[in-house]
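A quick write-up on the structure given underneath.
The values are calculated or read from the model by the stated rules, or taken from the named source; none is laboratory data. Predicted model only: the values in this text are computed from it and were never measured. All Cβ positions, glycine included, derive from the backbone under ideal geometry; neighbour counts span all protein chains shown. With ligands, DNA and RNA removed, areas are computed over all heavy atoms of the protein, side chains included. Shrake-Rupley method; radii C 1.70, N 1.55, O 1.52, S 1.80 Å.
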Amino acid sequence: AGTRIFWVFLLQMTSSPPNVNLCAKGAWGVPSAFLAFLASAAVTSVSAAAAAAADATETALFDIDLESLTRPPLWEPSLEEYFPVQRGGEKDENGLASPVVLRSPTNEEFVYHARRGYPILVEDWGTGLPYDGWSGKDFSESFPFGYMKAEYIHDMPGFSEKDHDTRLIDGELRFNIGSFKPDKKTMWYNLSRPASKKYKDDPLKPTTGPYVWHVKDELTPKQKKIVQGKFRAPSFLQDPLNSAKMNTSFELWFSPGDGAGAGAHNDGYCESVVSLQLNGDKKWRKMLEPEMTFLHSFDEFDGGVYIAGLWQPDLGFVNRKGGAVIWPPGYIHETKTDQPPDGSCGSAITLQFDFPQPVQFFRAYLPRLSLSSEVGQCVGMAWSFYATLSVQGITPTPKSAVMQEQMETIMHALDADKDGFITVAETLTFFETPGSAIHKELKMHPKEHHGLYSKFKAEDTVAYHDMNDDMRVSRQELWDSLVQWNVVRIRMQEGLKYVNSADREGLEKFERSLDYMRRNPVTFPNKLRPELRDIFSLPTGTKLLKSLKGVHSLSDSEFFSRVREKAAKLASKQRKAEKAAKHSKGKRKEEM
């Protein structure tokens, strides 16, 4: 097994990316990445994991022969191993690494880095685009019909919402972009107001509040057409699919004054995200989702990572006017703007594109991403099609024999020439058959784009499994990916059962039973997120939700709010019962 790891990685590391010299600030460090991997392999090997399995107290759920795998299914690479491009480049003033930096990339170069999920900075993405240089004032005067969200507005002393033109959208307050004056005297784009009070402990955190205008889902079709009509895709992503996705998915962020930004948070998107800086410069700090168990779950919304005590950014850089930052799901990020020299209001567009997706990043970090309270739902909702190559009827299983059947089913369906490899062409051919699940996705796109969508999806699907950059899926690569996917999905299912029955001891025992599949044994946090703390304060066996049908992850819609509400009701009921019992006991004593 150790020999197999060595040769797979050697092939991967000696495949040079296209136009590598264009990455001025992040050369692809083959020697350092190779040595880092060898060092880690000396510590962690499949044989060692198999030996640990023999000592596991609970292994009945899974019966996988780890010797058949290149790596254990819950093994994840370190930052230095997976992101060698960034770790040997420039550092910011706080010693944080730079993302991959590209300038005027070709499509081939962009695809190479984006598919791996490397955070990227394209320095000239926005140069020459119609919105290049637009300030908050420009948007306010051009589109006065919009209504935007004012982040942290209630932290502004003396603010009263009744003094303003507002709308309630999705339960949140929105303010008119053409008339809003927070202090009733000054237009919003000329006025700085405080960010959340909880950010005052760190001068690197945002100090003033930004605005966000959800163009993509809070305008009428006619209004959207007016705003989106000025957007243009960059030269390296100008195919019809990506152009349409970017044009219909963007939202606008406005940053009056200096220091405006959003506290560290994770987005709930299942695809890569782009932030294009139109006016002003923006400082970024980013952090890869930490290693996770169910007990490590934390609130990944605005500032939650600070409260959890987990904020340890691994990237720090400035995105200047005209530049765009691209990052994969599961990369927590914090922003803070520098006001433009002319004193105008900074602005940026946030958007998504369809292809390529960071599929190799999904594959590498699937164990931790699956337990994210923001993107965990993506594993079942969007990313499973990569693991199963869109073959219908494949469902998660803990049994090795069933996994073998899954692999044979996939190979039979896709390996047309029976040479033991699945190619992009073979995957594309399979997508055209009734047995492929891709037809559900195609319905969401115009018929004239179906061929292009299938082609891009086939490329991403093969790349998900491909560990040696030959753009083919071998039986070994498929087996490794399938086992990982099954283990991750079953762990999600079983762990949710323990959470739903308030069984902390059972959950900890279950997580420890998986140590033989991990790189390192699990350690549990001393502090739990409030929702888990409330749940586990209930008697073990207390059922919170009547059924977990349709619940596949901790990030499923309103999961934590639902179970916490139920836990609060049950706890209140328990306290009343205890109080009544105590009162009854006291009354009996008096009667005696």
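Considering only region 155-166, how many residues are out of contact with any strand residue (DSSP E or B) (no Cβ under 9 Å at 6 or more places or on another chain) and open to solvent by 60 Å² or more (accessible area, probe 1.4 Å)?
3
Sort out which residues of region 442-488 are farther than 15 Å from Glu432 by Cα and open to solvent by 30 Å² or more (accessible area, probe 1.4 Å), and write them in order of number.
Correct list: Met444, His445, Pro446, Met467, Asn468, Asp469, Asp470, Met471, Arg472, Arg475, Gln476.
Would you be able to tell me the number of residues in region 106-144 that are open to solvent by 50 Å² or more (accessible area, probe 1.4 Å) and not in a loop (DSSP other than H, G, I, E, B)?
Residues meeting the conditions: 6.
Part of a loop (DSSP other than H, G, I, E, B), touching a residue at least 12 places away in the same chain (Cβ under 8 Å) and either β-branched (Val, Ile, Thr) or under 22 Å from Phe301 (Cβ atoms) (or both): does that describe Leu371?
yes
Which residue pairs have Cβ atoms under 7 Å apart, sit 6 or more places apart or on different chains, and have a first residue in region 193-217 that is more than 10 Å from Ile153 (Cα to Cα) and part of a loop (DSSP other than H, G, I, E, B) and a second that is open to solvent by 40 Å² or more (accessible area, probe 1.4 Å) and hydrophobic (A, V, I, L, M, F, W, C)?
No pair meets every condition.
Collect the residues in region 228-253 that are more than 19 Å from the chain's Cα centre (by Cα), under 24 Å from Glu374 (Cα atoms) and among the aromatic types (Phe, Trp, Tyr), keeping them in residue-number order.
Trp253
Can you name the residue in region 231-264 that is of a type outside the set (Asp, Glu) and in contact with a His (Cβ under 7 Å, 6 or more places away or on another chain) and, of all such residues, is most open to solvent (accessible area, probe 1.4 Å)?
Looking at the filtered set, the residue picked out is Pro240.
Can Arg368 be described as of a type in the set (Lys, Arg), within 20 Å of Val101 (Cα to Cα) and either open to solvent by 10 Å² or more (accessible area, probe 1.4 Å) or modelled with pLDDT of 95 or more (or both)?
no
Mind listing whichever residues of region 374-410 are assigned to a helix (DSSP H, G or I), buried (at least 18 other Cβ atoms within 10 Å of the Cβ) and of a type in the set (S, T, N, Q)?
The answer is Gln377, Ser384, Gln406.
Test Ala413 against the criterion of being open to solvent by less than 60 Å² (accessible area, probe 1.4 Å), under 20 Å from Ala114 (Cβ atoms) and among the small types (Gly, Ala, Ser), and give yes or no.
no
Please go through region 505-520 and pick out each residue that is open to solvent by 50 Å² or more (accessible area, probe 1.4 Å) and more than 24 Å from the chain's Cα centre (by Cα).
Result: Glu505, Lys509, Arg512.
Take the residues in region 180-195 that are open to solvent by 20 Å² or more (accessible area, probe 1.4 Å) and out of contact with any Pro (no Cβ under 7 Å at 6 or more places or on another chain), then tell me which one is nearest to Arg167 (Cα to Cα).
Lys181
Which residue pairs have Cβ atoms closer than 6 Å, lie 6 or more positions apart in sequence or on different chains, and pair a first residue in region 232-254 that is of a type in the set (Lys, Arg) with a second residue that is in a helix (DSSP H, G or I) and surrounded by 18 or more Cβ atoms within 10 Å (Cβ to Cβ)?
Qualifying pairs under 6 Å: none.
Across region 268-302, which residue is surrounded by the fewest Cβ atoms within 10 Å (Cβ to Cβ) among those that are closer than 22 Å to Glu511 by Cα and acidic (Asp, Glu)?
The residue in question is Glu291.
Scanning for something in a helix (DSSP H, G or I), charged (D, E, K, R) and over 22 Å from the mean Cα position of the chain (by Cα), does region 461-474 turn up at least one residue?
No, that holds for no residue.
Is there a residue being closer than 30 Å to Pro446 by Cα and at pLDDT below 95 anywhere in region 168-175?
yes
Quick one: is Ala502 open to solvent by less than 30 Å² (accessible area, probe 1.4 Å), small (Gly, Ala, Ser), in a helix (DSSP H, G or I) and in contact with a Ser or Thr (Cβ under 8 Å, 6 or more places away or on another chain)?
In short, no.
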